[in-house]
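A quick write-up on the structure given underneath.
Coordinate-derived values only; no laboratory data. Not measured: the values here are computed from a predicted model. As a convention, Cβ positions derive from the backbone with ideal geometry for all residues, glycine included, and neighbour counts pool all protein chains shown.
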Amino acid sequence: MASNDHSTTTPFPMPPMHYINQYTDDIKRGRAPKPPPPIRDSYMMFGAPFRADDQIIRPLESQNLPRLYPHNYDHKRELKKLNFSILVNFLDLLDILIKAPDSQRRGEKIEDLTLLFIHMHHLINEFRPHQARETLRVMLEVQKRQRLDTVDRFQKHFNHVQKMLQTSLASLPDDSALDTKLSIITNLGAVDDFRQVIKQEPNDEEEDEEEEDVESATLDQMMCDIVDALN
């Protein structure tokens with residue numbers, strides 16, 4: 001009972017169990033049957049015969065239909081004429097249905113309307129190749145626009161990164177500035193060492209004032225050199 005409910009509620013019919021049992025394991029093992037060969041002769045589709053070498057849009061003569069417009073024609077003009085003819089024949093059919101619904105002319109008008117609709121449908125189908133080309137052109141234009149947008153975004157990111165690199169390189173000090181800073185650090189270290197030496201030496205009140213003057217002058221000279229280097 002459950003299987004019957006499942007089969008009636010599924011949107012598509014279940015495949016025959018013969019194919020399920022035969023091809024399920026073959027597909028898993030990579031031994032699925034090959035697709036059928038292409039049709040090279042005639043075939044039936046929707047109850048109508050077709051040939052493999054038929055044109056995409058079959059001419060009206062191949063369908064045993066009379067042509068109501070010439071071979072060289074303007075699609076727009078012929079479609080307008082067919083539309084007007086359909087309207088007139090429909091009004092005639094309404095008049096026949098009102099006055100003589102059992103008349104033989106009713107069937108004739110229905111056949112005329114069917115033929116007119118077939119011709120209009122045929123003219124519209126002749127625009128299908130043009131529609132396919134236009135659809136392909138629009139798709140290619142969309143892809144081109146997307147790729148150009150991607151390239152523009154990439155170029156913007158590339159320029160931004162390039163500016164960042166240039167700014168970083170510009171903020172780096174030169175070699176001469178590095179040498180100057182190293183010499184300043186060395187001189188400062190020498191001054192600290194000199195001060196430590198002075199602090200470690202015992203205070204001798206009997207030292208000459210001349211030696212103190214020489215030491216202070218030497219210290220002042222080193223500080224002046226350091227200040228000049230910083231400027």
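Computing FRET efficiency as 1/(1 + (r/R0)^6) for Arg77 and Ala132, where r is the C-beta to C-beta distance and R0 is 30 Å, gives about 0.80.
Among the listed pairs Lys80/Lys109; Lys76/Lys144; Lys80/Lys144, give every one whose C-alpha distance is greater than 28 Å. Intermediate values should be presented prior to the final figure.
Working: Lys80/Lys109 19 Å; Lys76/Lys144 32 Å; Lys80/Lys144 37 Å.
Cα-Cα > 28 Å for Lys76/Lys144; Lys80/Lys144; rest within.
Restriction of the GluC sites (Glu not before Pro) in the stretch 121-163 to DSSP coil positions whose beta-carbon has at most 13 other beta-carbons within 10 angstrom yields Glu126.
Distances over 25 Å make up what percent of all Cα-Cα pairs in the stretch 35-140? I get 44 percent for the Cα pairs in the stretch 35-140 exceeding 25 Å. The loop-placed chymotrypsin sites (Phe, Trp or Tyr not before Pro) in the stretch 21-103, going by DSSP, that have at most 13 neighbouring Cβ atoms within 10 Å of their Cβ come out as Phe46, Tyr73.
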